[in-house]
Amino acid sequence: GELIDVNNATTELTGYSYEELIRMKVPEILYADNLRENPIPFDRLMAGEVTTARRPIKTKYGEEKLMDLSSKILPDGSFIAIIRDITSISEAEKALRNSERRFRSLASNAPVGIIETNVDGDTIYVNNKMIEYTGLNFDELLAGNLLMAIHKDDRKELLSHWMKMINIKRESNAEFRIIDKNGGVRWISGKAVPIFD
């Protein structure tokens, strides 16, 4: 587990000098808890496999950074590890998950019906108000029944209008009828907004 050689990027990443690092052992920069939960797979390494893991490392200044770590045994029996700092990527993923969670919480409890579809028009999300409007449950609405809930006399024109507005990347407003599970008709004033990544 002794470090034999490191490159400049490793010294910059960890905050340790080259001289400090080559006197250290791998467990000194990895977290003991992480090593217990996810031990280094020496058996696979010895069999010649390239192993990968996502591990936090400790910097000289006590900062934790998240790394993608790829390891391989070399012909002389030593190991090489390539580490890539993914701390900022991980933080961005966490921020995205938090943003998604906030959206779902707000949308779920909004006093208006909210529907999200993919580019093919398949329903991928509906909120509680839309469930209330249609009388269909979440799974029924995701199974393609949302389109069937639109009154048949309004369906073709509404879809044509939505597609036209999506193609020119504009939001659209329309009034149409939906029919709930029990046959009741409700007028909807809807706004469709395309979201582009």
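The values are calculated or read from the model by the stated rules, or taken from the named source; none is laboratory data. Bear in mind that the values here come from a model prediction, so they are computed numbers and not experimental data. Cβ: placed from backbone, ideal geometry, glycine included. Neighbour counts: every protein chain shown. Heavy atoms of the whole protein, side chains included, go into the accessibility calculation; ligands, DNA and RNA do not. Shrake-Rupley method; radii C 1.70, N 1.55, O 1.52, S 1.80 Å.
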>> What's the number of the only condition in (1) outside any helix (DSSP H, G or I); (2) open to solvent by 50 Å² or more (accessible area, probe 1.4 Å) that Glu132 fails to meet?
In response: (1)
>> I'd like to check something: does the range 99-112 contain any residue that is without any contact (Cβ under 8 Å) to a residue 24 or more places away in the chain, open to solvent by less than 60 Å² (accessible area, probe 1.4 Å), of a type outside the set (S, T, N, Q) and not in a helix (DSSP H, G or I)?
In response: yes
>> Between Thr123, Thr52, Thr117, which is open to solvent by less than 40 Å² (accessible area, probe 1.4 Å) and either in contact with a Gly (Cβ under 9 Å, 6 or more places away or on another chain) or β-branched (Val, Ile, Thr) (or both)?
In response: Thr123
>> I'd like to check something: does the range 145-161 contain any residue that is part of a helix (DSSP H, G or I), within 21 Å of Arg104 (Cβ to Cβ) and hydrophobic (A, V, I, L, M, F, W, C)?
In response: yes
>> Give me the residue from the range 111-128 that is of a type outside the set (D, E, K, R) and within 15 Å of Asp139 (Cβ to Cβ) and, out of that set, farthest from the chain's Cα centre (by Cα).
In response: Asn128
>> Kindly evaluate Ser88 against the criterion of being outside any strand (DSSP E or B) and either of a type in the set (Ser, Thr, Tyr) or under 20 Å from Ala9 (Cβ atoms) (or both).
In response: yes
> If only one of Gly190, Gly183, Gly135 is of a type outside the set (S, T, N, Q) and under 23 Å from Ser105 (Cβ atoms), which one is it?
Replying inline: Gly190
>> Please go through the range 56-81 and give me each residue that is free of Cβ contacts under 8 Å to residues at least 60 places away in the same chain, outside any strand (DSSP E or B) and over 13 Å from Thr10 (Cα atoms), ordered by number.
In response: Tyr61, Gly62, Glu63, Leu74, Pro75, Asp76, Gly77
> Taking the range 1-16, which residues are over 17 Å from Lys65 (Cα atoms) and touching a helix residue (DSSP H, G or I) at 6+ places or on another chain (Cβ under 6 Å)?
Replying inline: Gly1, Leu3, Val6
